[in-house]
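Data first, discussion second: the structure below is written as structure tokens.
The values are calculated or read from the model by the stated rules, or taken from the named source; none is laboratory data. Please read all numbers here as calculations on a predicted model, not as lab measurements. Virtual Cβ from ideal backbone geometry, glycine too; neighbours counted across all protein chains shown. To get the accessible areas, we keep the full protein, side chains included, count just its heavy atoms, and leave off ligands, DNA and RNA. Shrake-Rupley method; radii C 1.70, N 1.55, O 1.52, S 1.80 Å.
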Amino acid sequence: MSIQNVSLNLNVRGLGKSATLAINERVAELQKAGREIYSFGLGQSPFPVPHCVVNALQKHAHEKDYLPVQGLPQLREAVAEFHRREDHVNIQQENVMIGPGSKELMFLLQLAFYGDILIPAPCWVSYIPQAKIIGRKVTMIETAYKNRWTLSPQALEAQCMEENDVDKPRLLILNYPSNPYGDGNTVEELMQIAEVARKYNIIILSDEIYGQTNHQGKHISIARYYPEGTIISSGLSKWCGAGGWRLGTFSFPASLRWLLDALVVVASETYTSVSAPIQYASVVAFRGGDEINEYLLHSRRILNALGKWIVQQLQDAKVRIHPVEGAFYIFPDFEHYRQALLKINIKSSTELCERILEDTGVAALPGSSFGRSKHELNLRMAYVNFDGEKALLASKKVPLDQPLDAEFLAQHCALVVTGISRLIDWLKQL
């Protein structure tokens, strides 16, 4: 008698691999088969880990002992100081937790917290599957193109009023700059969301993993306006180019110490602690300094120039898209082409993705993977397919008072530029 898949946990049965990881593997397979592919799928930073952080890792490679479950004290202090310095939020080191990527910490948080999960859509691909695996109720709060895809305070208030339960435990996951659309709420909107959260005792998980990639270096944390109820999620993967290092941070207010303590207990029975050498090296990253500041200045500069160029090209092609303010994502909407797409039997974002990949070699992800209706014609595209190290060196040779022009982008971000051009040429043929 063979063991059948009926033994699978019902919360896991039917779930597929993370869409962002799956597209990366598919691109690799197509390239191996000889296809010319322009990858806009996996959102991995194109920039190298700063030299000072790499040197620190080499220096501490001999560290072999288990570290405290909550994290290396020196690192927790560096993270707390980072948020005090960069975000003007009074975080203390005893309320910081280090984990093997913020993704793992988010999973543990949803496991430890007993309540409903509120998620504005579109959203990062793993929020909803994580909640489903754990068995939490997820309430999607709709957004719209006209509101820049961002959560409106009015929509949050309406959802809470509809539930008519002030004391109901809720966790709102707010991600900005956003994956998938590269923007976030204004300061005024953040202040209003904070007021609604305070009124209904909502805990906010503020996923600010892209905070330091704000193209103007002006990220504002909602924890400034709702310090008592906000957990700030950060890490090294996006602004420090160290996705494969797997180090994430959660910074709690003292009022949520009970929740932090629960996470520590769960962590002690699962991953035990994060790699010691990586924790020691990360102290250098979070402490910052001249090398880190220069690295951020030029990486933001490149992403800003490339993002603006892409948005302008797509707007000129009558694609609905908002300017991007941070991260390295766009969320174009092809509603203008709906009738033309219907003529070639494209009715969903998945079909749109497949056809674009087949016809142009441009690999993107459907908006439906990010919580939008499958009938919408939007895509998530990550513009990171270029040699970040070479681009950084080239940017340093261009005076800061001069913009990085189209010629710079064509030379140093060629695959991205060509991919966007191929997509636009395809639209013109419809």
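Does Val53 qualify as being at pLDDT 95 or above, open to solvent by less than 80 Å² (accessible area, probe 1.4 Å), in contact with a helix residue (DSSP H, G or I) (Cβ under 9 Å, 6 or more places away or on another chain) and among the aliphatic types (A, V, I, L, M)? Criteria met by Val53.
Look at (1) surrounded by 22 or more Cβ atoms within 10 Å (Cβ to Cβ); (2) under 30 Å from Ile302 (Cβ atoms); (3) touching an Asp or Glu at 6+ places or on another chain (Cβ under 9 Å); (4) not small (Gly, Ala, Ser) and you find that Arg76 fails only one, number (2). Scoring His336 on the criteria (1) closer than 28 Å to Leu236 by Cβ; (2) open to solvent by 20 Å² or more (accessible area, probe 1.4 Å) leaves a single failure, condition (1). Of all residues in the stretch 193-225, which are out of contact with any helix residue (DSSP H, G or I) (no Cβ under 6 Å at 6 or more places or on another chain) and in a strand (DSSP E or B)? Leu205, Asp207 - these are the residues of the stretch 193-225 that are out of contact with any helix residue (DSSP H, G or I) (no Cβ under 6 Å at 6 or more places or on another chain) and in a strand (DSSP E or B). Glu291 meets all of the listed conditions (1) open to solvent by 40 Å² or more (accessible area, probe 1.4 Å); (2) closer than 23 Å to Cys123 by Cβ; (3) among the acidic types (Asp, Glu) but one, namely (2). Among the conditions (1) part of a loop (DSSP other than H, G, I, E, B); (2) over 17 Å from the mean Cα position of the chain (by Cα), Glu228 misses just one, which is (1). Please determine whether any residue of the stretch 220-242 is more than 22 Å from Met381 (Cβ to Cβ) and free of Cβ contacts under 8 Å to residues at least 24 places away in the same chain. No, the conditions are met nowhere in the stretch 220-242. Evaluate the stretch 169-192: report whether one residue or more is open to solvent by 10 Å² or more (accessible area, probe 1.4 Å), among the aliphatic types (A, V, I, L, M) and assigned to a loop (DSSP other than H, G, I, E, B). No, there is no match, as no residue in the stretch 169-192 is open to solvent by 10 Å² or more (accessible area, probe 1.4 Å), among the aliphatic types (A, V, I, L, M) and assigned to a loop (DSSP other than H, G, I, E, B). When Gly243, Gly248 are screened for being open to solvent by less than 50 Å² (accessible area, probe 1.4 Å) and at pLDDT below 95, only Gly243 passes. Taken together, the criteria place Gly289 among residues that are over 21 Å from the mean Cα position of the chain (by Cα) and closer than 24 Å to Gly217 by Cα. Selection of helices (runs of 4 or more DSSP H) fully inside the stretch 342-430 by the criterion of at least 3 residues being out of contact with any helix residue (DSSP H, G or I) (no Cβ under 6 Å at 6 or more places or on another chain), in contact (Cβ under 8 Å) with a residue 60 or more places away in the chain and open to solvent by 10 Å² or more (accessible area, probe 1.4 Å) returns 414-428.
Where in the stretch 70-159 are there helices (runs of 4 or more DSSP H), lying fully within it, with 2 or more residues that are free of Cβ contacts under 8 Å to residues at least 40 places away in the same chain? If you could, list the steps in order and put the result at the bottom.
On the way: elements: 73-86, 102-112, 127-134.
In the stretch 70-159, 73-86, 127-134 are the helices (runs of 4 or more DSSP H) which contain 2 or more residues that are free of Cβ contacts under 8 Å to residues at least 40 places away in the same chain.
Counting the residues of the stretch 139-168 that are on the phi < 0 side of the Ramachandran plot and either open to solvent by 40 Å² or more (accessible area, probe 1.4 Å) or among the acidic types (Asp, Glu) (or both) gives 15.
Of note, Gly217 does not satisfy the criterion of being within 25 Å of Gly99 (Cα to Cα) and either crowded, with 18+ Cβ neighbours inside 10 Å or not polar (S, T, N, Q) (or both).
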